[in-house]
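*Asks:* Supplied in structure tokens, the structure appears directly below.
The values are calculated or read from the model by the stated rules, or taken from the named source; none is laboratory data. Since the model is a prediction, treat every value here as computed from it, not as a measurement. FYI the Cβ positions are ideal-geometry reconstructions off the backbone, even for glycines, and counts take in every protein chain you see. Just the protein is used for accessible areas: all its heavy atoms, side chains included, with ligands, DNA and RNA removed. Shrake-Rupley method; radii C 1.70, N 1.55, O 1.52, S 1.80 Å.
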Amino acid sequence: MKIYIMRHGQAGMNAKTDEQRPLTEQGIEESIHMASWLAPQLDGVLDLVVHSNYLRARQTWQSICSELPKATKVEESKEITPYGDPAFVASYLTALAATHDHILMVSHLPLVGYLVQSLCPAAGAPMFATSGMACIEWQDGKGVLLWLEGPHTIR
């Protein structure tokens with residue numbers, strides 16, 4: 001199974017709460033750029049998308065969904081907000097591994113870095129650029145970080 005962990009696109013600061021921060025135009029463009037780069041790697045399959053219930057993560061998914069294969073299922077989760085529990089989320093993803101081959105999660109710092117560390121202890125807790133994405137190969141209860149890219153590191 002492959003797990004794709006994405007940090008939301010760049011968000012503006014003009015909102016009453018952190019949960020309501022919208023994407024900027026740059027955030028939308030960079031997210032679409034990443035999705036266009038990712039799409040050929042998915043082999044036409046996207047089993048599950050889970051995105052945070054924060055506005056910027058929802059908008060990131062909405063801006064990239066047309067670039068990717070149609071997701072079989074899309075979930076919104078309040079468990080994958082910035083300070084979600086990485087061990088809990090890693091357990092959830094591990095349970096999904098039995099029935100899904102390609103999962104995309106759209107979330108936030110610092111959770112995305114700690115989640116990579118939970119799934120791939122050897123990788124440490126990497127920093128993600130906005131719209132950045134990591135790919136983890138999950139097999140037999142172990143994760144290997146295949147790549148970590150951002151909108152400025154791909155071509």
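*Asks:* Six or more apart or on different chains, Cβ atoms under 9 Å: show the pairs whose first residue is in the range 68-82 and in contact (Cβ under 8 Å) with a residue 12 or more places away in the chain and whose second is in a loop (DSSP other than H, G, I, E, B) and open to solvent by 80 Å² or more (accessible area, probe 1.4 Å).
*Replies:* Pro69/Asp43; Glu79/Asp85
*Asks:* Please determine whether any residue of the range 65-72 is modelled with pLDDT of 95 or more, under 17 Å from Gly132 (Cα atoms) and surrounded by fewer than 16 Cβ atoms within 10 Å (Cβ to Cβ).
*Replies:* yes
*Asks:* Same structure again: Go through (1) surrounded by fewer than 17 Cβ atoms within 10 Å (Cβ to Cβ); (2) without any contact (Cβ under 8 Å) to a residue 60 or more places away in the chain; (3) within 24 Å of Ala15 (Cα to Cα) one by one and return the number of the condition Ala95 breaks.
*Replies:* Ala95 satisfies every listed condition except (3).
*Asks:* Return the residues of the range 98-126 that are in contact with a strand residue (DSSP E or B) (Cβ under 7 Å, 6 or more places away or on another chain) and without any contact (Cβ under 8 Å) to a residue 40 or more places away in the chain; say none if nothing qualifies.
*Replies:* Across the range 98-126, the qualifying residues are Cys120, Ala123, Pro126.
*Asks:* Also, quick follow-up: Pick from the range 73-115 the residues that are of a type in the set (D, E, K, R) and in a strand (DSSP E or B): which of them is farthest from Thr130 (Cα to Cα)?
*Replies:* Per the stated criteria, the residue is Lys73.
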